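The values are calculated or read from the model by the stated rules, or taken from the named source; none is laboratory data. A quick note: this is a predicted structure, and the numbers were derived from the prediction, not measured. We place every Cβ from the backbone using ideal geometry, glycine too, and count neighbours over all the protein chains shown. Heavy atoms of the whole protein, side chains included, go into the accessibility calculation; ligands, DNA and RNA do not. Shrake-Rupley method; radii C 1.70, N 1.55, O 1.52, S 1.80 Å.
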Amino acid sequence: MNYYLDVLKKYAVFSGRARRQEYWMFFLFQVAALIIVSILDAVLGTSPWLYALFALGTLLPNLGVTIRRLHDTGKSGWWIFINFVPLVGFIWFIVLLATAGQPQPNQYGPDPKVLAA
């Protein structure tokens, strides 16, 4: 849960680097939260307003952690637009997010694994 809250604390921070674990744990909690909110939305009969409000409210932290994850691999945040390439773009993007970060400092900052230890 701390991974999710740490990303929310960096609400619109697009600089720096994010470890794989930070990104994927945030992704896991985000998917779980969206499922819970959609169920709550259906039960309350407010569909899709509560879901849309939550998704919009967490858009910037999601974008921020994704860009920081790309920075950890040495890529610019602009690589997020690889998703628009039909068929292979999304697959290539997942590979980028799952790739290990650079162990040495890069142009985006020091290795977050060293900072966490």
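Considering only N2, L56, T73, and ranking their Cα positions along the charge dipole of the chain that arises from unit charges at the beta-carbon of Lys, Arg, Asp and Glu, the one farthest toward the positive end is T73. Karplus-derived 3J(HN,Hα) values for segment 22-37, using 6.51 cos²θ - 1.76 cosθ + 1.60 with θ = phi - 60°, are 4, 5, 6, 5, 4, 4, 4, 5, 5, 4, 4, 5, 5, 5, 5, 5 Hz; glycine and proline are entered as x. Its relative contact order, with pairs defined as Cα atoms under 8 Å and 6+ residues apart, puts segment 25-117 at 18 percent. Share of carbon and sulfur in the accessible area of the chain stands at 74%, probe radius 1.4 Å. On the beta carbon distance between Y11 and A52, with R0 = 22 Å, the FRET formula returns roughly 0.75. Its residues counted as N, the chain yields a C-alpha radius of gyration over 2.2 N^0.38 Å of 1.16. In degrees from 0 to 90, rounded to the nearest 10, what is the angle of the helix 59-72 Cα long axis to the longest principal axis of the chain? Roughly 20 degrees, rounded to the nearest 10.
The fraction of all Cα pairs in segment 50-101 landing in successive 5 Å bins from 0 to the largest distance is 5, 20, 24, 21, 17, 10, 3, 0, given as whole percents. Helices in the chain, meaning DSSP H runs of at least 4 residues, each add -39500 (n - 2.57). Divided by all residues, the mean residue ellipticity at 222 nm is -19000 deg cm²/dmol. Per residue, the chain exposes 63 Å² of solvent-accessible protein surface, assessed with a 1.4 angstrom probe and all protein chains in place.
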